[in-house]
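Note sheet for the following structure.
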Amino acid sequence: MIKKIALETIVSQSRLRQWSKIILVFVAGQGAVQLTQLLSGFFLIHWLSVEEYAQYSIAFAFQSTAQVLVELGISGSVIALVGTRIHEKKVIGNYIKAGKFYRNRLFLVVGCVCVFAFPYVTYQHQWPISVTIILLICILTNLFFSGNTAFYITPLMIHKKLKDIYQTQLFSGVVRLSLLGLLYLGTFINAWLAALTTSIMVWFNGFTFRKKSQEYIVEPEASDLTVRKEMTAYVKPVIPGIIYSAFSSQISLFIIGIFGVSQNIAEVGALGRLGQMFMIFNMASSTLIVPYLAKQPKENLSNKFAFILSGATAIAIILVLVGFFVPEPLLWIMGEKYAHLRQEVSLLMLNSSILFINVLMWDMNCSRKWLWSWIPVVSISTNIILQLIMIITMDLSTTYNVLIFSVILSVFNLLNKIIVTLIGLKKTKNEINLLSGE
């Protein structure tokens, strides 16, 4: 008995050391990567004129939306579908090949939509046609090269090779930051050159991840039909929700792009950069929480959910308090061109905190495969109704009102995630009771 207790203690201490090391690497690595991205973003706020930053912000919004539409949750499904078979190279390779099969076809469709939609949106602001064309090229190249990152980072995440991931991302981030600095010093910097540096960084990351992941996968020459069907069955229930979220995640910029002027677009884009401070928490969700919850037994699952959500909520509350009571450092970061946005900064921090909890709960639900067909029907239809009501009743030509719009929408979406989580936990509890009663 004593030997058994001692063995369990040794195993527990070993797991604790392992997780401590993983978390330390994540915090250091993701923190450094996030810092370079934040510096690049904040320097662009200072270095670009209001007009140029508006151009860059709209291009970024298009790029982000197109990225989600091309992925449709396919690359993110690989970890959940692989499950415990992490050492079976052919299994991982088959899922990656199947995912690329769908992504390549989606790229053609989404790319064609961008070719027509992006010039249409920018036309009303009378930006030079040359700027529009070059920004469109940057959007398409970024979209194309990001496929390698989306799929080949997965084997590295599965095998917890966080050091390899962050070394690559940090190197490319520093190079991009250096290029932006040189462009600024040479007075060459503008919206499309800033976007071009992003495309270069995305290409490098994808190329490197593909090279580093080869020792963990055996990729077939052609995708397997059975694997493609399995992947389709996994993502099919949430595809409508993903399509909707692709637009809703950038809805502030799209709305202000339609109803506002370049000044408003730049303001919303600059505030969005502050929201990127939450990216490290979102990355922690997908990098640490999802793999952890995906392999957990059903017993005590609700306690683990509650523990994770409690910690995330505490972090969110602290950041909201900073936004409302000490916004000066955030305003200083954005610079004097945006120093008048005190109330808007407070709303931005509130909305970003709610979105952070939204992302976490979505990731946790996906890790347990709580993806039921009724979810997108209910959530999307009610969201669209709510948005139409607000569009009709609100003046959305101001930055402040657009942020109010976003906060209301984020709260509503969070309520949807809470309902799904409660249903999933109840279902799991019923399954445990059923098994224990046999």
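The values are calculated or read from the model by the stated rules, or taken from the named source; none is laboratory data. What you are looking at is a predicted structure, and each value in this text was computed from that prediction instead of being measured. Every residue, glycine among them, receives a Cβ derived from its backbone with ideal geometry; neighbour counts consider all protein chains shown. When the accessible area is computed, the model is the full protein with side chains, heavy atoms only, and any ligands, DNA or RNA have been set aside. Shrake-Rupley method; radii C 1.70, N 1.55, O 1.52, S 1.80 Å.
Highest mean first, how do 386-395, 310-319 rank when packing is the count of other Cβ atoms within 10 Å averaged over residues?
310-319, 386-395
Solvent-accessible area per residue in the range 338-431 equals 45 Å², computed with a 1.4 angstrom probe and all protein chains kept.
Going by Cα centres, the range 72-143 and the range 144-195 are how many Å apart? That distance is 17 Å. Under a cut-off of 16 Å between alpha-carbon atoms, report the aspartates and glutamates in cross-link reach of Lys337, not counting same-chain residues fewer than 8 places apart. Partners within reach: Glu51, Glu52, Glu267, Glu328. The share of accessible area on the range 110-236 that comes from carbon and sulfur is 68 percent, using a 1.4 angstrom probe.
DSSP loop (so not H, G, I, E, B), at most 16 other Cβ within 10 Å: list which trypsin sites (Lys or Arg not before Pro) in the range 83-124 pass both filters. Sites meeting the loop and neighbour criteria: Arg85.
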